[in-house]
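Peer 1: The structure under discussion is supplied below as structure tokens; questions concerning it will follow.
The values are calculated or read from the model by the stated rules, or taken from the named source; none is laboratory data. Because the structure is predicted, anything quoted here is derived from the model rather than measured. Here Cβ is always computed from backbone atoms with ideal geometry, including for glycine, and neighbour counts include all displayed protein chains. All accessible areas refer to the heavy atoms of the entire protein, side chains included, with ligands and DNA or RNA removed. Shrake-Rupley method; radii C 1.70, N 1.55, O 1.52, S 1.80 Å.
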Amino acid sequence: MEFEIIKAVRTSSPVSIFIEGESGSGKTYSALLMARGLAGPDGKIGIIDTEGGRSLIYADDKEIGGFEYMAFTAPYSPARFIQAIDAAIADGWKVIVIDSASLEHDGEGGLIEMAENESASGKNSMQKWIKPKFEHKKFLNHSVGLPAHIIMCFRQTITTDFSAKPPASIMSTVAEKNTKFVMEIHCTITADHKAHWSRIPKPYAHCVEQDSLITIETGAKITGLSYPLNDFKR
């Protein structure tokens, strides 16, 4: 028989999580706490750090319990992010945190620069985005098809909406516009370090508490497994 049909049984499958917030909101720490919960007390977690080593301030945090570290510098092309992710998988990471993934969009060698280079070679305003968007789609498809959980952190910045009358200041996320919709879970970390969940699939709805701090327990619940909290104490 070419196709096998079986009764569906829920499994603890890898999740992809989109975290956004302005500078200083606590994205990195929240992501690492969630990563520890997702991986369990002894699972290997790590961070692909594009922020010049900022994540290292949490290296001795007893709650997180240690993590692997990968320094990631320019160029921030989708292809290089894929290579970094594959290196993390080869090293046995159970949860991969990318902080900040925004540089894949606006950093040196990222999507905007790729489009500018296409424009310089004679492509028009629509054609110049064909290659960058194709490469970006490969990056996203690769990221959500991993044998590991992935958490991507994105910066938010204040921009002006000139279409409003009068013009209004709005919070914008530094990411390609379709990125968010590929990721399974979305949350915004507010200025008081609390998480607002804007997309949480029904099976995970009981795992989070709206407008509360992210904890190790948050990640542990999402896995569908339960760990005694004492297991996480170092």
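Peer 1: Among the listed residues I150, I130, identify the single one that is within 28 Å of G92 (Cα to Cα) and not in a loop (DSSP other than H, G, I, E, B).
Peer 2: Working: I130 fails: within 28 Å of G92 (Cα to Cα).
It is I150.
Peer 1: Oh, and also: Restricting attention to region 162-186, which residues are touching a strand residue (DSSP E or B) at 6+ places or on another chain (Cβ under 8 Å) and open to solvent by 50 Å² or more (accessible area, probe 1.4 Å)?
Peer 2: P167, S169, I170, M171, K180, V182, E184
Peer 1: Among strands (runs of 3 or more DSSP E) lying entirely in region 29-127, which contain 2 or more residues that are open to solvent by 20 Å² or more (accessible area, probe 1.4 Å)?
Peer 2: Numbers: elements: 45-49, 68-71, 95-99.
Counting at least 2 such residues, we get 68-71.
Peer 1: Any idea how many residues of region 1-50 are free of Cβ contacts under 8 Å to residues at least 24 places away in the same chain, acidic (D, E) and within 25 Å of W197 (Cα to Cα)?
Peer 2: Residues meeting the conditions: 0.
Peer 1: Determine whether region 214-221 contains at least one residue that is among the small types (G, A, S) and either touching a residue at least 24 places away in the same chain (Cβ under 8 Å) or open to solvent by 80 Å² or more (accessible area, probe 1.4 Å) (or both).
Peer 2: yes
Peer 1: Can you tell me which residues in region 59-80 are over 15 Å from V95 (Cα atoms) and either touching a strand residue (DSSP E or B) at 6+ places or on another chain (Cβ under 8 Å) or small (G, A, S) (or both)?
Peer 2: A59, A71, F72, A74, S77, A79, listed by residue number.
Peer 1: May I pose another question? Would you check which residues across region 128-148 are of a type in the set (S, T, N, Q), open to solvent by 20 Å² or more (accessible area, probe 1.4 Å) and in contact with a helix residue (DSSP H, G or I) (Cβ under 7 Å, 6 or more places away or on another chain) and list them?
Peer 2: none
Peer 1: Residues that are modelled with pLDDT under 95 and within 17 Å of the chain's Cα centre (by Cα): find the strands (runs of 3 or more DSSP E) completely inside region 155-234 holding 1 or more of those.
Peer 2: Of the strands (runs of 3 or more DSSP E) lying wholly inside region 155-234, those with at least 1 residues that are modelled with pLDDT under 95 and within 17 Å of the chain's Cα centre (by Cα) span 168-173.
Peer 1: Out of (1) open to solvent by 50 Å² or more (accessible area, probe 1.4 Å); (2) under 20 Å from A31 (Cα atoms); (3) touching a strand residue (DSSP E or B) at 6+ places or on another chain (Cβ under 6 Å); (4) not polar (S, T, N, Q), the odd one out for I158 is which?
Peer 2: (2)
Peer 1: Report, by residue number, each residue of region 1-17 that is farther than 15 Å from H142 by Cα and within 17 Å of the chain's Cα centre (by Cα).
Peer 2: S13
Peer 1: Now for a different question. Taking the residues in region 1-28 that are charged (D, E, K, R) and outside any loop (DSSP other than H, G, I, E, B) as candidates, determine which candidate is most open to solvent (accessible area, probe 1.4 Å).
Peer 2: Pass one, region 1-28, residues charged (D, E, K, R): 2, 4, 7, 10, 20, 22, 27.
Now restrict to residues that are outside any loop (DSSP other than H, G, I, E, B): 20, 22, 27.
On the way: E20: 8, E22: 67, K27: 22 Å².
Among residues in region 1-28 that are charged (D, E, K, R) and outside any loop (DSSP other than H, G, I, E, B), the one most open to solvent (accessible area, probe 1.4 Å) is E22.
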